[in-house]
Amino acid sequence: MNAQSPDISRRRFIASVGLAATAACVVPYRLFGGEGNLVVAARKAGETANITVQTLRGNVSALIGSGGNIAVLPGDDGKLIIDSGYLGTREKIAAALTNLSHDPIKHLVNTHWHFDHTDGNEWMHSAGATVTAHENTRKHLSASTRVEDWNFTFPPSPAGAIPTDVFNADKTLHLNGATIELKYYGPAHTDGDVSAHFVEADVLHTGDTWWNGHYPFIDYSTGGNIDGMIRAAEANVAKVTDETIVIPGHGPIGGKNEMIEYRDLLVTVRDRISTLKKEGKSLEEILAAKPTAAYDAKWGRLFLNGDFFTKLVYKGLA
Ligand SMILES: [Zn+2]
């Protein structure tokens with residue numbers, strides 16, 4: 001190995017993640033135009049998505065490419081996994097997990113109820129995992145739940161997929177020699193978002209309160225709103241140091257600087273749209289004014305475009 005190797009492998013990693021993200025996301029992006037259903041297309045794209053494993057710190061790894069980003073801590077107490085990805089990538093996730101270690105899957109935490117973070121719950125439970133989540137995540141997975149902005153109604157999840165170990169505010173796990181703090185954000189992206197902090201390794205999984213480099217989806221149908229997203233972004237910035245490694249719900253692994261940039265983006269766009277709304281402008285007039293134009297090239301490429309994000313922000317303003 002020469003001195004350049006880490007850099008080269010990092011570049012390869014980024015390139016490979018870029019391709020996987022493109023494959024998984026370009027299809028749903030186009031579907032915001034109404035050509036089909038986003039949830040169906042995203043699950044379909046998930047079937048061919050590639051999984052990239054990134055080793056972080058303190059034995060914590062991230063699996064990137066199957067819906068929401070996944071964190072894994074192997075060890076003698078059995079693997080702890082944060083979020084379960086798409087069902088369509090089950091084989092690839094299972095192979096990546098086995099590659100990390102042969103410890104059985106024993107513990108699964110869901111950061112929130114969305115399908116791209118929980119579709120793998122049932123198979124992970126059947127493999128031996130107890131599912132832990134906020135009580136609102138259990139509520140949404142237990143019942144038929146409609147998300148208006150996806151134009152999709154999810155049926156109740158199978159029994160094995162439903163969290164049985166639920167909490168309301170905080171919960172601390174002691175597994176595999178590590179302390180893992182789970183913390184409820186309050187209503188943000190949904191009404192059940194939790195973070196998972198691997199304390200000794202100082203690795204934080206934010207769930208979908210942070211989308212690194214992308215406009216975030218906000219699920220108003222199950223309790224999310226723009227002001228809650230901003231509060232969660234503030235809480236994330238306040239929690240981390242320059243050393244913290246952060247796994248976002250979507251996008252590449254990052255840290256405090258990227259989280260500050262994201263928080264500032266949310267605040268700027270919210271204030272801009274709020275001003276236009278207070279001036280009495282209709283949603284159509286605000287869309288025509290393109291309040292996100294300066295940000296779209298960077299933030300609106302893969303998941304939500306500027307118009308879709310503008311509509312979501314507008315929806316949450318008084
Ligand atoms: Zn989500």
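Here are some notes:
- Of all the residues in the stretch 173-217, those that are in a strand (DSSP E or B) and of a type in the set (Phe, Trp, Tyr) number 3.
- Scanning the stretch 61-118 for residues that are in contact with a Pro (Cβ under 9 Å, 6 or more places away or on another chain) and farther than 30 Å from Tyr220 by Cβ yields Ser61, Gly78, Lys79, Leu80, Leu97, Leu100, Ser101, His102, Asp103.
- Within the stretch 37-94, the set of residues being of a type in the set (Val, Ile, Thr), away from the ligand (no atom under 16 Å from the Cβ) and open to solvent by less than 10 Å² (accessible area, probe 1.4 Å) comprises Val60, Val72, Ile81, Thr89, Ile93.
- Tally, over the stretch 125-138, of residues that are within 14 Å of the ligand (Cβ to nearest atom) and open to solvent by 20 Å² or more (accessible area, probe 1.4 Å): 1
- Among the residues of the stretch 206-233, those that are acidic (Asp, Glu) and within 12 Å of the ligand (Cβ to nearest atom) comprise Asp208, Asp219.
So that you can scan it fast, the table gives a plain yes or no per residue for (1) assigned to a helix (DSSP H, G or I); (2) open to solvent by 60 Å² or more (accessible area, probe 1.4 Å):
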{"position": "Ala235", "(1), (2)": "yes, no"}
{"position": "Glu243", "(1), (2)": "no, yes"}
{"position": "Val267", "(1), (2)": "yes, no"}
{"position": "Asp271", "(1), (2)": "yes, yes"}
{"position": "Leu287", "(1), (2)": "yes, no"}
{"position": "Asp296", "(1), (2)": "yes, no"}
{"position": "Phe308", "(1), (2)": "yes, no"}
{"position": "Val313", "(1), (2)": "yes, no"}
{"position": "Leu317", "(1), (2)": "no, no"}
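- The set of residues in the stretch 70-83 that are closer than 14 Å to Asp119 by Cβ and under 11 Å from the mean Cα position of the chain (by Cα) comprises Ile70, Asp83.
- Elements of type helices (runs of 4 or more DSSP H) contained in the stretch 76-172, each with 3 or more residues being among the charged types (D, E, K, R): 90-100, 135-142
- Count of the stretch 192-205 residues which are under 14 Å from the mean Cα position of the chain (by Cα) and away from the ligand (no atom under 11 Å from the Cβ): 5
- From the options Glu279, Glu261, Glu284, residue that is among the acidic types (Asp, Glu), under 25 Å from Ile82 (Cβ atoms) and either touching a Ser or Thr at 6+ places or on another chain (Cβ under 6 Å) or away from the ligand (no atom under 16 Å from the Cβ) (or both): Glu261
- Figure legend. Inter-residue proximity from the stretch 101-124: first residues over 14 Å from Asp165 (Cα atoms) and open to solvent by less than 20 Å² (accessible area, probe 1.4 Å), second residues within 14 Å of the ligand (Cβ to nearest atom) and of a type in the set (D, E, K, R), beta-carbon distance below 6 Å, spacing 6+ or different chains. Indicated pairs: His117/Asp83.
- Odd one out for Glu181, checked against (1) within 14 Å of the ligand (Cβ to nearest atom); (2) surrounded by fewer than 21 Cβ atoms within 10 Å (Cβ to Cβ): (1)
To keep it simple, each residue is scored yes or no on (1) out of contact with any Lys or Arg (no Cβ under 6 Å at 6 or more places or on another chain); (2) without any contact (Cβ under 8 Å) to a residue 24 or more places away in the chain; (3) farther than 18 Å from Ile81 by Cβ; (4) open to solvent by 20 Å² or more (accessible area, probe 1.4 Å).
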| residue | (1), (2), (3), (4) |
| --- | --- |
| Thr153 | no, yes, yes, yes |
| Val166 | no, no, no, yes |
| Pro187 | yes, no, yes, yes |
| Thr190 | yes, no, yes, no |
| Ser195 | no, no, no, no |
| Thr209 | yes, no, yes, no |
| Asp227 | yes, no, yes, yes |
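The values are calculated or read from the model by the stated rules, or taken from the named source; none is laboratory data. The model shown is predicted, which means the values in this text are computed figures rather than measured ones. Cβ coordinates were reconstructed from backbone atoms using ideal geometry, including for glycine residues, and neighbour counts include every protein chain displayed. Heavy atoms of the whole protein, side chains included, go into the accessibility calculation; ligands, DNA and RNA do not. Shrake-Rupley method; radii C 1.70, N 1.55, O 1.52, S 1.80 Å.
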